[in-house]
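Note sheet for the following structure.
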Amino acid sequence: MFKIVEKTYFSPKVVRLVVEAPEVAKARRAGHFVIVRTGEGGERIPLTIADADIDAGTITLVVQAVGLSTEKICALNVDDSLTDLVGPLGRATDVGLRDGTVVCCGGGVGVAPLLPIIKAFKDAGNRVVSVLAARNRDLIILEDEVREYSDEVVIMTDDGSYGRKGLVTAGVEEVLNREHVAEVVAIGPPVMMKFVALLTKKYDVPTVCSLNTIMVDGTGMCGACRVNVGGKMRFVCVDGPEFDAHQVDFDEMIMRMRAYDAPKNNAK
């Protein structure tokens, strides 16, 4: 069992959980994720590690309630426990000193897995510009933490309630037009990452995306998380979760993920 020692709400459906997992905290690197389960027979849910405290033996997870399993996780309270937690999984982010600015852009809860990457790039000596985007002000998360490790933060909201009105791509393009950008990292909804990739390809700027597809076993055996990258099949759980965004077939990935959506009730 993995006990929850702290719980905070970003919004009614998005929570931050600090969980006891000392071995995972020691081994984790930026970009790693875990697979968690709550309750016997519960669904296995992949979650990127947003932070870790080696001394306290804890990791931080950000969970959005989008279905039955994530709703159960979000309903857990301090002193409750996750039934299973496996990790760290996946490949760590390739972080080092870049010849130019690193732009890290996150949409919605995608800011949570982006935060350790921002920290790692900054610790490596890079200039980091972070672009945070959401539908409205209430959905912007971890702003203070992102500011701590960024040279500049650009905030975009769909409705203009905070920062500038517009999509994440507008904020990214503003930076591309004014300074030399060595790399862009994008994490968020698949559609968001797709359009960031289309933008940066036009500017010929290397771009990395972190994918959060359906997973079952997390070891590459089941194939549920497969994606087409550069015309080849890759598994997000073992080959990723990060890939060259210009090589990812986002349309195919989005179509496959929709196959798992609950059927709509069209009865009148």
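The table below lists the values:
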quantity	calculated
Hz values of 3J(HN,Hα) by residue in the stretch 91-107 - Karplus curve (6.51, -1.76, 1.60), Gly and Pro given as x	9, 5, 5, 6, 10, x, 6, 9, 8, x, 5, 9, 9, 10, 10, x, x
Cut-off 14 Å (backbone N to label point 7 Å along Cα→Cβ of Ala27), residues of the stretch 82-109	85-92
Estimated dipole of the stretch 101-257 in Debye, rounded to 20 [Cβ of Lys and Arg +1, of Asp and Glu -1, Cα centre]	260
Helix-only [θ]222 nm of the chain, DSSP H runs n ≥ 4, -39500 (n - 2.57) each, per residue, nearest 500	-7500 deg cm²/dmol
Shape of the stretch 1-124, Cα gyration tensor, a/c cut at 1.5	prolate
Proximal charge balance of Ser81 [Cβ under 9 Å; K/R count +1, D/E count -1]	-2
Built amide H within the under 5 Å cut-off of Ser161, gap 5+	Arg137
DSSP beta bridges in the chain [antiparallel fraction, %, rounded to 5]	60
Under the Karplus curve 6.51 cos²θ - 1.76 cosθ + 1.60, θ = phi - 60°, whole-Hz ³J(HN,Hα) for the stretch 30-45, x wherever Gly or Pro sits	4, x, 6, 9, 10, 10, 10, 8, 10, x, 4, x, x, 6, 8, 10
Whole-Hz couplings from phi, Karplus 6.51/-1.76/1.60, listed for the stretch 152-163; x for Gly and Pro	7, 10, 10, 10, 10, 10, 4, 9, x, 6, 7, x
Paramagnetic reach from Asp84 (point 7 Å along Cα→Cβ, amide N under 13 Å) across the stretch 39-57	39-46
Stretchable slack from Glu43 to Asn136, in nm (0.36 nm times residue separation minus alpha-carbon distance)	30.4 nm
When each of Lys26/Lys122; Lys119/Lys165; Lys3/Lys26; Lys3/Lys72; Lys13/Lys72; Lys13/Lys119 is checked by Cα-Cα distance, pairs over 23 Å	Lys119/Lys165; Lys13/Lys119
Translational diffusion of the chain, µm² s⁻¹ [Kirkwood Rh, Cα pairs; Stokes-Einstein; 10 °C; 1.306 mPa s]	84
Neighbourhood charge, 13 Å Cβ-Cβ cut-off, centred on Ile155 and excluding it, Lys, Arg +1 and Asp, Glu -1	-2
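Any read-out appearing in this document is the output of simple, stated calculations on the displayed coordinates, not a laboratory observation. Predicted, not measured: the structure shown is a model, and the values here were computed from it. Backbone-built Cβ (ideal geometry, glycine too); neighbour counts: all protein chains shown.
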